[in-house]
1. When segment 1-12 is examined, which residues are found to be surrounded by fewer than 12 Cβ atoms within 10 Å (Cβ to Cβ) and aliphatic (A, V, I, L, M)?
2. What are the pairs with Cβ atoms under 9 angstrom where one residue, in segment 6-28, is farther than 16 Å from LYS42 by Cα and of a type in the set (Gly, Ala, Ser) and the other, located anywhere, is modelled with pLDDT under 95 and not in a helix (DSSP H, G or I)? Sequence gap at least six, or different chains.
3. Count, please, the residues in segment 13-43 that happen to be surrounded by 15 or more Cβ atoms within 10 Å (Cβ to Cβ) and either of a type in the set (Val, Ile, Thr) or touching a strand residue (DSSP E or B) at 6+ places or on another chain (Cβ under 9 Å) (or both).
4. Restricting to segment 55-65, name every residue that is open to solvent by 50 Å² or more (accessible area, probe 1.4 Å) and either under 14 Å from GLY9 (Cα atoms) or touching a Cys at 6+ places or on another chain (Cβ under 8 Å) (or both).
5. What number of residues within segment 44-54 are surrounded by 15 or more Cβ atoms within 10 Å (Cβ to Cβ) and in a loop (DSSP other than H, G, I, E, B)?
Amino acid sequence: MNGVALFPGTFDPLTLGHQLIIERGLKQFSKIKIGIGVNQGKSSFYTLEERMQMLGQAFAQFDQVEILSYTGLTAVFCRSEGINWILRGLRSAQDFEYE
């Protein structure tokens, strides 16, 4: 499949599960934008800069991966970036209902 997908999350921390989803997604999409969602009302273990650095190191070998940060609604961010697909991994039935 061609096209650009967004993989949104806080990535606090980046996990092997995140990496696996992105690597599998690269087989489906021509580009994946990793969107680090910033929520001022939530405290994070790692700073935004540390998370961007971790993701940058983890995916440095993939030219088709871009790391961005955003605030607000994911759908609004997708629209502003011209993204038509969202890549997600679900951990439980409760996550599915939330999503």
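1. MET1
2. GLY17/GLY89; GLY17/ARG91
3. Result for segment 13-43: 13.
4. Of everything in segment 55-65, nothing turns out to be open to solvent by 50 Å² or more (accessible area, probe 1.4 Å) and either under 14 Å from GLY9 (Cα atoms) or touching a Cys at 6+ places or on another chain (Cβ under 8 Å) (or both).
5. 2
The values are calculated or read from the model by the stated rules, or taken from the named source; none is laboratory data. Values in this document were obtained by computation on a predicted structure and should not be read as measured data. No Cβ is skipped: glycine too gets one built from the backbone with ideal geometry, and neighbour counts run over all protein chains shown. Side chains are part of the model used for accessible areas, which takes the heavy atoms of the whole protein and leaves out ligands, DNA and RNA. Shrake-Rupley method; radii C 1.70, N 1.55, O 1.52, S 1.80 Å.
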